[in-house]
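Inspection log for the structure reproduced underneath, given as structure tokens.
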Amino acid sequence: MTDRALIHVVDDDDSLRAALLDLLDVAGYDARGYASTGEFLLHPPPDRPGCVLLDVRMPGPSGLDLQAALQRYAVTLPVVFLTGHADVPTSVRAMKAGAVDFLEKPVARDTLLDALQRALARDAAQRLDRDAAERRSARLSTLTPREREVFDRVVAGKLNKQIADELGIGLRTVKAFRAQLMSKLGVATAAELGRLAGEPQDGSS
Amino acid sequence: MAPPSASPGLSGKPSMPHFKPVLYLAVLWFLLAQSALATETRNVLVLYSNNRLVPGNVAVDRGLRAAIKSSGDRPVQLFSEFLDRPEFSGPAYEATVMAYLREKYAARPPDAIVSVSDEALDFLLRNRPNLFAHVPVIHTVASKATLRSYPAMGADVVGVPLEYDFSGTIQQALRWHPAARRLVIVTGTAERDRGREAWLRREVPSIAGGVTVEYLAGLPTSAVLERLSRLGPDSVVFTPGYFRDGDGGLFNPRDAAALMAAASGAPVYGPFDPFIGTGVVGGRMPSFEEMGAQAGRIVNDIFAGATPASIQLPDVTPTKLQVDWRQVKRWGIDERDIPADTIVHYKEPTFWDKYRNIAVVTLVVILLQAALIAKLLLEQRRRRAAELAVQRQRTELAHASRLAVAGELTASIAHEINQPLGAVQTSADAADLILQSGADRRDDLLRIVTRIRRDNLRASDVIRRLRALLARHESERKPFDVTAALSDVATILAPEARQRHVRVEFEPATTSALIAGDETQIQQVLINLLLNAMDSVADMPEERRSVVVAVSRNEREIGITVRDRGHGIAPESLPKLFDSFFSTKARGMGLGLSIARTIVEAHEGRIWAENGAGEGAVFHVELPALDEAAIPERSHA
């Protein structure tokens, strides 16, 4: 059941929230409701595929405030906004901040489910990317400090000679470290090394 | 100041004193002369033939007194004596009268004597040598016959002879009664009566035309009256009256004529003006009053120094037709036959103749009053219309302002309605999916349907409240609770407050806060004040974005205060705050508070603003509280 998506519904309107939870349940999602931004923040989301269906206007911190807070805490759950009154500046701000969609109440079922689908797809993609990066950084962590120094300079596009000079070691030693770390990281070419380095180096938290 | 001047302009002055004594002397002389004249009182003895109450005598006296010029500086005194003929006569009586007059007037000798009627003139002329011998005599009401019997009266006996117009009177009577076949002439037995009878018998046949003339001469009065009473409209009666009747009864002619006129079945005419008013139709008459006046004028001339012989006089006293209008009517005389110069007596003036001025004034006053009343009524109507127009305008304006508020609130209202609509939609979607899945989730469906119903109610409730606020309605006065009205306002404004991140706190009154008025309009005032308050805290830090609305009540008033924690009101703005088109907001119309004041004042309340103790502004509204005992109990929502 853990692969079943969990959708967080943040809306101060009890009735709408209940209706949304019912709809999402029937549509095959797990859903959890929160009456306010604060309530959501007090219950950190489990590490499950999902997204946030967020009302813009609520008492206390608004939906936009929550979106910003999520980013600050590096919570990558995609956000779909659902608002009673969509004004252009608010929607622009939300979309710029990475919202998947900005829906207006009352929302058609298909529109809503479609937006949630896209949000979940983005979440899934993000999760895949994050898993790959984690795997890579796990491999990188097997390198010795010296191997890491050489790795950094290789992916920075430096020649072996330059690396030898910088590290004050012999050219042959550089070549030996290269072969050793390529073997450890399971790559065959320098190009593959470069791709590995393209991932965030402090990807894991 | 001015130097002594030899200017020729001033040289005339010293000559003035020379004139003064001359002037004084002239004035003194004039005054002395005047006072010398003033002492010269003239006495006039007026001697009447018969007694003092004979109407002719009274009329003569009136004319005399009116004509004689008597003044403070030339006084003339009139003394009247009466011979009382024919009741008293004979030589002994005359001797007594003579002695009486001589002695009585010894101290006040007459300067002129006026004789009235024949007997008095006769008496004077016969006794003159022994009675005021050289005093001029002015005769009046003396017949030409008597005058003719004294060919040498003397130059100092003067007067206008009287000729009664018997024939003129008879002719006029016959003209007015063309149908008359008989002329009845009544005379008496006194010496003068017989003289008149003789004259009439001599003269009448020539003027009577084809009319039969009948004489009732010397009959007892009762017989005369009986005969006259049997007359019909084919007869006309003429009488000079009589002094004595066939029984020897003494009359004055006027009384005799009155008796005849009262009894007669035919119109009675007579030649003497005192007959007018007795029932006699009228006649061609000399006026006794005019005869008296004529004598008076002669007295004036004599006293002014004229010699009696030199005074120019008419031959006879002119006569005039005189009638009693009542008799004219009674005997059916055609008005058109009455000559224009006729003296008409007893013509009952018409209402218009009598009260013309009063009537005109009254009419004008009534018209003015009516106009005034009409104007006042019109004014009242106009004022009422103006009041209605103002009230209508106020209602319109209030409505327009509510629409404007609604426009301002569109976003929050849309949110308020969208919320339940969104929930309904989503619930329906959920139910739809459940039904499509074919799963037996009856309980879920029931729950969802219940929720749909509730949300639907919620949406329609918002609309109902909004419509109540926005409806264009006639201003109505009903009792309502201000706290309840405020709670509705709170509901309407809650989303707006939420959107603006303003905390709005309500402090309801601890007791009921009933007033009589238009609930919607009072709500409008509250909304206005609340929106203003929210505006004023818009750019405040979070902790100061707060507005407190409190309702309180004391003995007589319901108080509403709206307190914000904003910047407060600039002191220079305070006095103008409630003026129309005054606004401190960039986009404000400046109508909200002005309308609020209009509404509050229409509810006999007042509204004012002040700055809070430490921060912000406080708006106060005070409305007269409704005595709860005065209205029937009602349930509060």
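For the condition under 22 Å from B:Q425 (Cβ atoms), small (G, A, S) and more than 11 Å from chain B (Cβ to nearest Cβ), what is the one hit in A:A35, A:A27, A:A18? I'd like the intermediate steps shown before the answer.
Working: A:A27 fails: more than 11 Å from chain B (Cβ to nearest Cβ); A:A18 fails: more than 11 Å from chain B (Cβ to nearest Cβ).
One residue alone meets the criteria, A:A35.
Looking at the stretch A:35-43, is at least one residue out of contact with any Pro (no Cβ under 7 Å at 6 or more places or on another chain), of a type in the set (G, A, S) and either part of a strand (DSSP E or B) or closer than 17 Å to A:A119 by Cα (or both)?
No, the stretch A:35-43 contains no residue that is out of contact with any Pro (no Cβ under 7 Å at 6 or more places or on another chain), of a type in the set (G, A, S) and either part of a strand (DSSP E or B) or closer than 17 Å to A:A119 by Cα (or both).
Six or more apart or on different chains, Cβ under 7 Å: which pairs go from a residue in the stretch B:160-178 that's farther than 26 Å from B:T140 by Cα and hydrophobic (A, V, I, L, M, F, W, C) to one that's assigned to a helix (DSSP H, G or I) and open to solvent by 20 Å² or more (accessible area, probe 1.4 Å)? Could you list them?
Listed pairs, sorted by first residue: B:W176/B:D337.
Restricting the first residue to the stretch B:354-381 and requiring it to be assigned to a helix (DSSP H, G or I), which pairs with a second residue that is among the hydrophobic types (A, V, I, L, M, F, W, C) meet a Cβ separation below 9 Å and a spacing of at least six or different chains?
B:A359/B:F351; B:A359/B:W352
If you take the residues of the stretch B:197-207 that are touching a residue at least 24 places away in the same chain (Cβ under 8 Å) and surrounded by fewer than 21 Cβ atoms within 10 Å (Cβ to Cβ), which of them is nearest to B:G332 (Cα to Cα)?
First, pick out the residues of the stretch B:197-207 that are touching a residue at least 24 places away in the same chain (Cβ under 8 Å): B:199-200, B:203-204, B:207.
In the following step, the residues that additionally are surrounded by fewer than 21 Cβ atoms within 10 Å (Cβ to Cβ) were identified as B:199, B:203-204, B:207.
Values: B:W199: 30, B:E203: 28, B:V204: 25, B:I207: 23 Å.
This residue is B:I207.
Which residues, counting only those in the stretch A:75-91, are more than 20 Å from B:E416 (Cα to Cα) and within 14 Å of chain B (Cβ to nearest Cβ)? It would help to see each step written out before you state the result.
Applying the first criterion (more than 20 Å from B:E416 (Cα to Cα)) to the stretch A:75-91 yields A:75-80, A:89.
Across the stretch A:75-91, the qualifying residues are A:V80, A:P89.
Among the residues of the stretch A:52-61, write down those that are within 24 Å of B:T410 (Cβ to Cβ) and surrounded by fewer than 20 Cβ atoms within 10 Å (Cβ to Cβ). Spell out how you get there, then give the answer.
The first filter runs over the stretch A:52-61 and keeps only residues within 24 Å of B:T410 (Cβ to Cβ), leaving A:54-60.
Of everything in the stretch A:52-61, those that are within 24 Å of B:T410 (Cβ to Cβ) and surrounded by fewer than 20 Cβ atoms within 10 Å (Cβ to Cβ) turn out to be A:P59, A:G60.
Sort through B:V551, B:V525 and tell me the only one that's buried (at least 17 other Cβ atoms within 10 Å of the Cβ), in the same structural domain as B:V618 (by TED's automatic domain parsing), within 19 Å of B:E610 (Cβ to Cβ) and out of contact with any strand residue (DSSP E or B) (no Cβ under 6 Å at 6 or more places or on another chain). Talk me through it step by step, then tell me what you get.
Details: B:V551 fails: out of contact with any strand residue (DSSP E or B) (no Cβ under 6 Å at 6 or more places or on another chain).
Sole residue among the options that is buried (at least 17 other Cβ atoms within 10 Å of the Cβ), in the same structural domain as B:V618 (by TED's automatic domain parsing), within 19 Å of B:E610 (Cβ to Cβ) and out of contact with any strand residue (DSSP E or B) (no Cβ under 6 Å at 6 or more places or on another chain): B:V525.
Checking the structure you have, find out if any residue of the stretch B:435-458 is within 12 Å of another protein chain (Cβ to nearest Cβ) and closer than 30 Å to B:R545 by Cα.
Checked against the condition, which is being within 12 Å of another protein chain (Cβ to nearest Cβ) and closer than 30 Å to B:R545 by Cα, the stretch B:435-458 yields at least one hit.
Taking only the stretch B:208-227 into account, find how many residues are buried (at least 17 other Cβ atoms within 10 Å of the Cβ) and polar (S, T, N, Q).
Going through the stretch B:208-227 one residue at a time, the tally reaches 1.
Inside the stretch A:1-15, can you point out the residues that are facing chain B (nearest Cβ under 10 Å) and either within 14 Å of A:L120 (Cβ to Cβ) or assigned to a helix (DSSP H, G or I) (or both)?
Taking the stretch A:1-15 as the starting set, the residues that turn out to be facing chain B (nearest Cβ under 10 Å) are A:11-15.
Those that are facing chain B (nearest Cβ under 10 Å) and either within 14 Å of A:L120 (Cβ to Cβ) or assigned to a helix (DSSP H, G or I) (or both): A:D14, A:S15.
Yes/no matrix, rows are residues, columns are (1) of a type outside the set (K, R); (2) surrounded by fewer than 16 Cβ atoms within 10 Å (Cβ to Cβ); (3) assigned to a loop (DSSP other than H, G, I, E, B):
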| site | (1), (2), (3) |
| --- | --- |
| B:L45 | yes, no, no |
| B:N50 | yes, no, yes |
| B:D61 | yes, no, no |
| B:A66 | yes, yes, no |
| B:G72 | yes, yes, yes |
| B:Q77 | yes, yes, no |
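Take the residues in the stretch B:66-103 that are more than 19 Å from B:P55 (Cβ to Cβ) and charged (D, E, K, R), then tell me which one is nearest to the chain's Cα centre (by Cα).
B:K69
Quick check on my filter: what residues within the stretch B:503-528 are aliphatic (A, V, I, L, M) and either in a strand (DSSP E or B) or modelled with pLDDT of 90 or more (or both)? Walk me through how you get there before you give the answer.
If we filter the stretch B:503-528 for residues that are aliphatic (A, V, I, L, M), which is where we start, we get B:504, B:509, B:513-516, B:522, B:525-527.
Listed by number, the residues that qualify are B:V504, B:L514, B:I515, B:A516.
Condition (residue is more than 9 Å from every other protein chain (Cβ to nearest Cβ) and more than 18 Å from the chain's Cα centre (by Cα)) applied to the stretch A:42-50: is it met by at least one residue?
As a first pass, look at the stretch A:42-50 and keep what is more than 9 Å from every other protein chain (Cβ to nearest Cβ): A:42-50.
Of the ones still in play, those that are also more than 18 Å from the chain's Cα centre (by Cα) are A:42-43.
Within the stretch A:42-50, one or more residues are more than 9 Å from every other protein chain (Cβ to nearest Cβ) and more than 18 Å from the chain's Cα centre (by Cα).
I'm trying to understand the selection: among the residues of the stretch A:104-131, which are open to solvent by 80 Å² or more (accessible area, probe 1.4 Å), among the acidic types (D, E) and away from chain B (no Cβ under 14 Å)?
A:D129
Determine whether the stretch A:96-103 contains at least one residue that is modelled with pLDDT of 85 or more and within 14 Å of chain B (Cβ to nearest Cβ).
Taking the stretch A:96-103 as the starting set, the residues that turn out to be modelled with pLDDT of 85 or more are A:96-103.
If we keep only those that are within 14 Å of chain B (Cβ to nearest Cβ) as well, we get A:103.
Yes: the stretch A:96-103 contains one or more residues that are modelled with pLDDT of 85 or more and within 14 Å of chain B (Cβ to nearest Cβ).
Considering only residues of the stretch A:16-34 that are in a loop (DSSP other than H, G, I, E, B) and at negative phi, which is farthest from the chain's Cα centre (by Cα)? Full working, then the answer.
Filtering the stretch A:16-34 for residues in a loop (DSSP other than H, G, I, E, B) gives A:27-29.
Now drop any that are not at negative phi, which leaves A:27, A:29.
On the way: A:A27: 24, A:Y29: 20 Å.
Among those residues, the one meeting the criterion is A:A27.
The values are calculated or read from the model by the stated rules, or taken from the named source; none is laboratory data. These numbers were taken from a predicted model, which means no experiment stands behind them. So basically every Cβ, Gly included, is an ideal-geometry build from the backbone, and we count neighbours across all protein chains shown. Accessible surface is based on the protein model in full, side chains and every heavy atom, while ligands, DNA and RNA are left aside. Shrake-Rupley method; radii C 1.70, N 1.55, O 1.52, S 1.80 Å.
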